[in-house]
Number of protein chains: 2
Amino acid sequence: MATRTGRPQRRNQVLSRERIIETAIELLDAGGESALTTRALTERLSTGSGAIYYRAGSRDELLDTATETVVTAALAAKPAGAAATPEDEIRTVALALFDAIAEHQWLATRLTLQIVRKPFGPVTVGIFERIGRQVGALGVPQASWFDAASTLVHYILGAVSQNARIDGDTSTVQPDRAEFLEATATAWQALAPEDYPFMHAIVGRIREHDDREQFLTGIAIVLDGLTRLG
Amino acid sequence: MATRTGRPQRRNQVLSRERIIETAIELLDAGGESALTTRALTERLSTGSGAIYYRAGSRDELLDTATETVVTAALAAKPAGAAATPEDEIRTVALALFDAIAEHQWLATRLTLQIVRKPFGPVTVGIFERIGRQVGALGVPQASWFDAASTLVHYILGAVSQNARIDGDTSTVQPDRAEFLEATATAWQALAPEDYPFMHAIVGRIREHDDREQFLTGIAIVLDGLTRLG
DNA sequence: AACCAATTTGGTGCGCCGCTCCAAATGTGT
DNA sequence: ACACATTTGGAGCGGCGCACCAAATTGGTT
């Protein structure tokens, strides 16, 4: 009777909650949001739907949990150098989110969905806290912290979601990328010049541009604008 | 034999494509994306699924068409005053998109989905052209037009998607709004202050802030940053 | 007015989905 | 060894998107 366990708790854990989430993310990465089905999960984990439900809840909850897992990992990114400026911090976390969405394209819609539906969930709050903490160090007066953080978060998540393509690292997916740019350029060229003068004016830039660089340029622009807040 | 019709074309059009799209938007507005089902459509229009398929294509195509319809309408917004600055133009179209998403919350995810999957569809191109056209008049050098337009579009769509709540006009939905802000503030207050110092620092602002004003502040910040491009 | 080919319609059924429910299996405390 | 709580696998239900098709409807031709 030496035990004072309020809860029995552990057992052999053949099927852990973590393993379900991990497998769910694999399925999502491989085939998009529609590939995450209860049946596919049960088959991969060789179990039944009841067990999955018991541990991970509904499909919607599972998607939220997967989102939370990926985002939390990205938010843990730290700048490489020793003395990091607030700009470094912001760039680092922004790029981490960029890469996370490049690797998990299903995040693009799921992230906005979670921000809209759960404005005080760990994802929303985590992103806000992580980025917002830097704006004070940027010299933004406290009265404008909320506005400044909102603007930064809106821009970063907007850019990151709209760039959800497969070009995270320079491993094997580069050819598709070139084809994709070529197709886009051709399509833009085919537009009626009198109706789309701007698209024609920039079509030359699309082939040579780099999404990641453009993203950093955008961040620099927003940071520049923030310094004028007073 | 006076007819030289290559196509018979018109007929009584009891069930027009427009009517399907219109009804689809009604269903989406009322119950979100999951409320748009073939069966619900057939019931409302008292027809069969074949007819809907014949005119509007798959459910996914119909969702894209609905998105296109709403976005195109928003992009047609023009500034009120006679002599409109490029800043006025940008603010006007940005607010039109803001209101469109406030009225049709399902747009938030559908819009990013369309931008990611169809980078040369009418929605993506339309938004880019409409906003991009203004950056030249802002004094941005042509070499930076693409970057400037990207940044603006990313910010505007990001902010707009993340604000997808029901507070478009001041008609009847205001009480929920106050409750919602109160709940958010309370939730933020409950966070551990040592882990979330920033959230605690700004929690006072949430009750008094206005989404639309904050959105305009963000646009001003980005526009400010754009003027430094050279 | 009668006919025809093309177009348009309503509806049935298939395969799949998320999810509920529950009997059996597996563990723990005494 | 026994009672009991936890955990599991799977069968079944209602609903979904969609392919498919026989019937109805059209406008043009004669």
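The values are calculated or read from the model by the stated rules, or taken from the named source; none is laboratory data. For clarity, every value in this text was computed on a predicted model and none was experimentally measured. In this analysis, Cβ positions are derived from the backbone assuming ideal geometry, glycine residues included, and neighbour counts consider all displayed protein chains. For accessibility, only protein heavy atoms count, side chains too; no ligands or nucleic acids. Shrake-Rupley method; radii C 1.70, N 1.55, O 1.52, S 1.80 Å.
If DNA, RNA and ligands are ignored and the probe is 1.4 Å, what is the ranking of A:Tyr54, A:Tyr155, A:Tyr196 by accessible area, most exposed first?
Numbers: A:Tyr54 185, A:Tyr155 0, A:Tyr196 65 Å².
Ranked list, largest accessible area first: A:Tyr54, A:Tyr196, A:Tyr155.
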Choice from B:Gly218, B:Gly31, B:Gly81 showing the highest fluctuation, given a GNM over chain B with Cα pairs closer than 10 Å: B:Gly81
Dipole magnitude (debye, nearest 20) for chain A, charges at Cβ of Lys, Arg, Asp, Glu: 1440 debye
Cα-based helix-to-principal-axis angle, A:211-226 vs chain A, degrees rounded to 10: 80 degrees
Shielding by other protein chains, B:212-224, mean Cβ within 10 Å: 5
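Could the peptides A:68-75, B:130-137, B:187-194, A:184-191 be put in order, highest first, of the mean number of other beta-carbon atoms found within 10 Å of their residues? Please report the intermediate quantities before stating the final value.
Details: A:68-75: 18.8, B:130-137: 20.6, B:187-194: 12.8, A:184-191: 14.8.
Descending mean neighbour count gives B:130-137, A:68-75, A:184-191, B:187-194.
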Ascending list, in nanometres, of distances separating the B:Pro122 label from those of the other copies (7 Å, Cα toward Cβ): 4.4
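Given 37 °C and 0.692 mPa s, compute D for the stretch B:10-57 with the Stokes-Einstein relation, Rh being the Kirkwood radius over Cα pairs; round to the nearest whole µm²/s.
Working: Rh = 10.9 Å.
This corresponds to a translational diffusion coefficient of 302 µm²/s.
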Dipole moment magnitude, nearest 20 debye, the stretch A:17-57 about Cα centre, only Lys, Arg, Asp, Glu C-beta charged: 220 debye
The protein assembly as shown, Rg to Rh (Cα coordinates; Rh as Kirkwood inverse mean 1/r): 0.99
Acute angle (nearest 10 degrees) that the helix B:86-103 long axis makes with the longest principal axis of chain B, alpha-carbon atoms: 70 degrees
Nearby lysines by direct alpha-carbon distance to B:Lys78 (threshold 27 angstrom, same-chain neighbours under 8 apart not counted): B:Lys118
Among B:His104, B:His154, B:His209, residue whose mean-square fluctuation peaks in a GNM of chain B (springs only between Cα atoms under 10 Å): B:His209
GNM top mover of A:Ala30, A:Ala77, A:Ala143 - chain A, alpha-carbon springs below 10 Å: A:Ala143
Cβ-based charge dipole, the stretch A:17-57, positive-most Cα from A:Thr37, A:Ala56, A:Ile21: A:Ala56
Peptide A:196-205, shielding by other chains (average Cβ, 10 Å cutoff): 6
Other protein chain Cβ atoms within 10 Å, averaged over every residue that makes up B:126-134: 3
Innermost chain A residue relative to the axis carrying A onto B, by Cβ distance in angstrom: A:Gly158, 1
222 nm mean residue ellipticity, helices alone, for chain B (DSSP H n ≥ 4; -39,500 (n - 2.57); rounded to 500): -21500 deg cm²/dmol
Once the Cα gyration tensor of chain A is diagonalised, semi-axes √(5λ) in Å: 37, 27, 15
